[in-house]
Amino acid sequence: MDEIELRELRYFIVVAEELNFTRAAARLGMAQPPLSAAIGKLERKLGVRLLERTSRRVTLTPAGAVLLEQGRIAVEGVGAAIQRARRKGTQAGRLTVAVKPGTSTDLLKKIMHAYAQDPRMPQVHLLFGHPGGPAAAVRGGAADVAILRAPFDRRGLDTELLLTEPRVAVLPAGHPLAARAELRRADLAGQPMPRWVGQADPAAHAYWTGADTPGPAPAEHDQHVATAPGPEINDISQLLDAVTLGNAVAYVPISVAGQHRAADLVFVPVSDLSPSEVMAAWPDTSRSRAVAGFVRAAVDVAAGHCEPAAAFA
């Protein structure tokens, strides 16, 4: 069998994601005929049909579904290897830690301090705001390790749970439910909740809207806990601004509530809401002593860490 080129895999992945040659060609910045020819050549190399084409639609064959899944891993792995090699050559002696804006700065400071006690460890460089988030930064080779909140895509990553903390509802001060001592998710049914820009992961969407809470089926009067779409946001500050302006309500970790107390915001406990998990994540192929040292410091610090509690109205 002829060797498969990385370019051919990339072409196939885009076609398989779009299931439309016209859209795939536009996304790749090329004409449709050479793209169709490249996919045909790939099928001949493999000796299997990857796509079923009719005049109305394009669908994946079982072989195509396997190649899409495994091809993504292969292409991502090559990109990560190149990125890590470049960083090793240009940023030697540095450990890059990916974090998401809004992550507990107090916890992170303590971890970095504990890690720095070992003089053999390289200096920490923090990476904020990577496209796709901290998990994508680690998986793609832009970072060595991440401190982040679940849920996230764990493909190719090892993880360690650091902290588990409750989440609370954040409401504008004038909201009809702001005076309640406790809420249930059903109380916020139909309320607009912020949407994270570019968030296509169903698990993440369920987390931020409270639909991920495990347990028995809700009672009949709790069936309609669905939320309405709210404004699009990029970070926690924008989320809180949206709530302050009365455009949304939201769920946030109790530590975030404790860090953002304001007269025009009210934080209320929610009795049936899943908690927030803070985790460390790193490549499952990593053999780095620096990464191991950072994770060890994170676990040790988290064991004795106390987050500030929120002030509830």
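The values are calculated or read from the model by the stated rules, or taken from the named source; none is laboratory data. Fair warning: this is a prediction, and the values are worked out from it, not measured in the lab. Backbone-built Cβ (ideal geometry, glycine too); neighbour counts: all protein chains shown. All accessible areas refer to the heavy atoms of the entire protein, side chains included, with ligands and DNA or RNA removed. Shrake-Rupley method; radii C 1.70, N 1.55, O 1.52, S 1.80 Å.
Just a few scattered comments:
- Carbon plus sulfur fraction of accessible area for the chain, probe 1.4 Å, in percent: 54
- Among beta bridges from DSSP that stay inside the chain, the antiparallel ones total about 65%.
- Formal net charge of residues neighbouring Ala136 (Cβ-Cβ distance under 12 Å; K, R +1; D, E -1): +1
- Correct choice for Kirkwood radius over Cα pairs in Å that was computed from the model, options [x] 21.3; [y] 22.2; [z] 23.6: [y]
- For the range 171-184, putting each phi into the Karplus relation 6.51 cos²θ - 1.76 cosθ + 1.60 with θ = phi - 60° gives couplings of 10, x, 4, x, 5, x, 9, 5, 8, 5, 6, 7, 10, 10 Hz, in residue order, rounded to whole numbers and with x for Gly and Pro.
- Accessible area per residue in Å² at 1.4 Å probe, computed on the chain: 52
- The charge dipole of the range 28-101, taken about its Cα centre with unit charges on the Cβ of Lys, Arg, Asp and Glu (plus for the first two, minus for the last two), comes to roughly 240 debye.
- Residue of Glu52, Glu182, Glu232 that the Gaussian network model of the chain assigns the largest fluctuation, springs spanning Cα pairs under 10 Å: Glu52
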